[in-house]
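Okay, structure first, notes after.
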Amino acid sequence: SLASTAITCFTRGLDLRKGTEDVLCPANCPLWQFYVFGDGVYASLSSICGAAIHRGVITNAGGAVRVQALPGQENYPAVNANGIQSQALSRWASSFSVTPATKDTALEAVGRSVSTARPSTGKRPKKTLDKKAGNKDCKADIAFLIDGSYNIGQRRFNLQKNFIGKVAVMLGIGTEGPHVGVVQASEHPKIEFYLKNFTAAKEVLFAIKELGFRGGNSNTGKALKHTAQKFFTLENGARKGIPKIIVVFLDGWPSDDLEEAGIVAREFGVNVFIVSVAKPTTEELGMVQDIGFVDKAVCRTNGFFSYQMPTWFGTTKYVKPLVQKLCSHEQMFCSKTCYNSINIAFLIDGSSSVGESNFRLMLDFVSNVAKAFEISDIGSKVAAVQFTYDQRPEFGFTDYITKEKVLSAIRNIRYMSGGTATGDAISFTTRNVFGPVKDGPNKNFLIVLTDGQSYDDVRGPAAAAQKAGITVFSVGVAWAPLDDLKDMASEPRESHTFFTREFTGLEQMVPDIIRSICKDFLDSKQ
């Protein structure tokens, strides 16, 4: 039989060099520390001993295992077996299987497994726990969008991998530190691994080493848009309230346009950095579609989000300044979006001309607008006031901090019925609803919903609201006079005034109002 090699709890399939190898697993490996991907056929990133326990080949007492190298595959499943939860992985370049090794090697295991087990004395475990947490001062979820095009070529692709590996190590990846994933841009974008796949720098390094060069056109715009839309979901490991960052590495220039992708990224609250390497020389400029490609994609054109390296050779000195940028979360202006950084108050007409059933249609409209935003204690907030001659605050910005609770509070609003004093109601809302949040970080919006002529002046109170930093939208139904609506609305009045003859027409306005709020939000941030 083969002579067997003693390995540690943490040795992976890809650490072995032979096609078939007999190994000895130590006893008492900490089960929770195993990284195992797949079931039966394991991605080579998996711990060998972890896979062997998962498969039932050995127990936690250790023992001899035969490891057989296998080709890579798609879709390694996540399966819970023998106390180990394996993880899913969409694709990996190589795999292995584990079977019991022959009897005579098992005897050698007795003498040797003890020495390879992790020492359990002294202060060792505490240290590994801190390391596991990572750099807590650097809060970031980062996608490295790497260049896998023919522009860069195989040789420089490997240098790019080295550079990204160094950045990953210096970032201090850990459970409470930065998380990273990689997307390769070429003809078609390919998400290589997600934020949730690894939470230790060592694993990320191995994963980067295994990346294969794809080749093809440099469709960076396509890859950037795909990454902004698909990469940062909660199921893929994005964390609430942590800045989302895409670092685009570009050798030379892109084959496609970056403008639309840049807009999509900003809309999704993603901070885009561009690291351009070997930027086009004078004689190449004729081949570049758009010389200003960097400014089209970055979060802001203030210089902070663009980074240049003359070549892929000797890039070590560029690692630290890039890491410092990625960790300065107070500079991540694009994390704030219209969806997660606004306060909207709805001022709802409860006068007797509305009637119970139309009042319900108004509440549906309010719910449909509110539903579009990310309502939370650190996100957007919603308030509602109903008015006749009097004002009734239904709920304030801090009363409900989840979307479900806000929507249920809107459903539970009871119709008052009475006169119409819209001006008074605007003054009341400015003072009592927006007053408490006026120094907060969110941008303030007021949506006035009315079906008729106000008995009092609306122009003065609306001007005062706007002066207090509140953007006012007026939404009129039925008999609401257009002059009143325009007098209340913020400039430019056309895009802040909405009108429909019928209450049933409110529903069609919802997308336009959301779009206008987002446009105002972006314009105010430039």
Top positive-direction residue, dipole computed over the chain with Cβ charges, set 223, 482, 71: 71
With DNA, RNA and ligands ignored, accessible area of residue 388 (1.4 Å probe; Å², nearest 10): 10 Å²
Correct option for Kirkwood radius over Cα pairs in Å [calculated from the coordinates] among [x] 25.8; [y] 26.7; [z] 28.1: [y]
Taking the chain and dividing mean pair separation by its residue count, relative contact order in percent (alpha carbons under 8 Å, at least six apart): 9 percent
Within the chain, percent of DSSP bridges classed antiparallel, to nearest 5: 35 percent
Pair residue 519, residue 507: separation of 7 Å Cα→Cβ label points (nm): 2.5 nm
Rounded to 10°, Cα long-axis angle of helix 153-171 versus longest principal axis of the chain: 70 degrees
Pairwise label distance in nanometres, residue 267 with residue 320, each label 7 Å out on the Cα-Cβ vector: 4.1 nm
Lysine pairs with alpha-carbon atoms under 27 Å apart, the range 390-503, spacing 8 or more or separate chains: 9
Shape category assigned to the range 141-335 from the gyration tensor of Cα positions, a/c cut at 1.5: rounded
Residues residue 457 and residue 295, FRET efficiency given R0 of 45 Å [Cβ-Cβ distance, rounded to 0.05]: 0.45
Zone of residue 389's modelled label, taken as backbone nitrogen in the range 325-351 under 15 Å from a point 7 Å along Cα→Cβ: 350-351
Debye, to nearest 20: dipole size of the range 267-404, +1 on Lys, Arg Cβ, -1 on Asp, Glu Cβ: 620 debye
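Could you give the length gained on full extension between residue 5 and residue 353, defined as 0.36 nm per residue of separation minus the Cα-Cα distance, in nm?
116.7 nm is the gain from fully extending residue 5 to residue 353.
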Length added when fully stretched, residue 75-residue 239, from 0.36 nm per residue minus Cα-Cα: 56.7 nm
Under 12 Å from residue 136, Cα to Cα: aspartates and glutamates that are on another chain or at least 8 residues apart: 176
Partner lysines for residue 279 [C-alpha distance under 29 Å; skip if fewer than 8 residues away on the same chain]: 161, 166, 190, 209, 222, 225, 230, 244, 296, 317, 320, 325
Solvent-accessible area per residue, Å², over the range 399-526 with all protein chains present [probe radius 1.4 Å]: 50 Å²
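So, with +1 on the Cβ of K and R and -1 on the Cβ of D and E, and no other charges, what is the size of the charge dipole of the chain about its Cα centre, to the nearest 20 debye?
Working: 59 positive and 52 negative charges, 558 e Å.
The dipole magnitude comes to about 2680 debye.
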Lys/Arg +1, Asp/Glu -1 at C-beta; the range 213-311 dipole; positive extreme among 253, 236, 301: 236
Fraction of antiparallel bridges per DSSP, the range 379-526 only, in percent to nearest 5: 25 percent
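Roughly how many debye, to the nearest 20, is the charge dipole of the range 356-467 about its Cα centre, given +1 on each Lys and Arg Cβ, -1 on each Asp and Glu Cβ, and no other charges?
Details: 13 positive and 13 negative charges, 47 e Å.
About 220 debye.
Compute the length gained on full extension between residue 61 and residue 94: take 0.36 nm times their separation in residues and subtract their Cα-Cα distance, giving the result in nm to one decimal.
Details: separation 33, 0.36 × 33 = 11.88 nm, distance 2.77 nm.
So the chain would gain 9.1 nm between residue 61 and residue 94.
Cα-based Rg of the range 342-524 per 2.2 N^0.38 Å, rounded to two decimals?
Numbers: Rg = 14.5 Å, N = 183, 2.2 N^0.38 = 15.9 Å.
For the range 342-524, the normalised Cα radius of gyration is 0.91.
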Distance in nm between pseudo-label sites at residue 217 and residue 175 (7 Å out along the Cβ direction from Cα): 4.6 nm
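The values are calculated or read from the model by the stated rules, or taken from the named source; none is laboratory data. In this text the structure is predicted, and so the values were computed from the model without any measurement. Every residue, glycine as well, gets a Cβ built from its backbone with ideal geometry; the counts of neighbours run over all protein chains shown. Note: accessible area is taken over every heavy atom of the protein model, side chains too, but ligands, DNA and RNA are not part of it. Shrake-Rupley method; radii C 1.70, N 1.55, O 1.52, S 1.80 Å.
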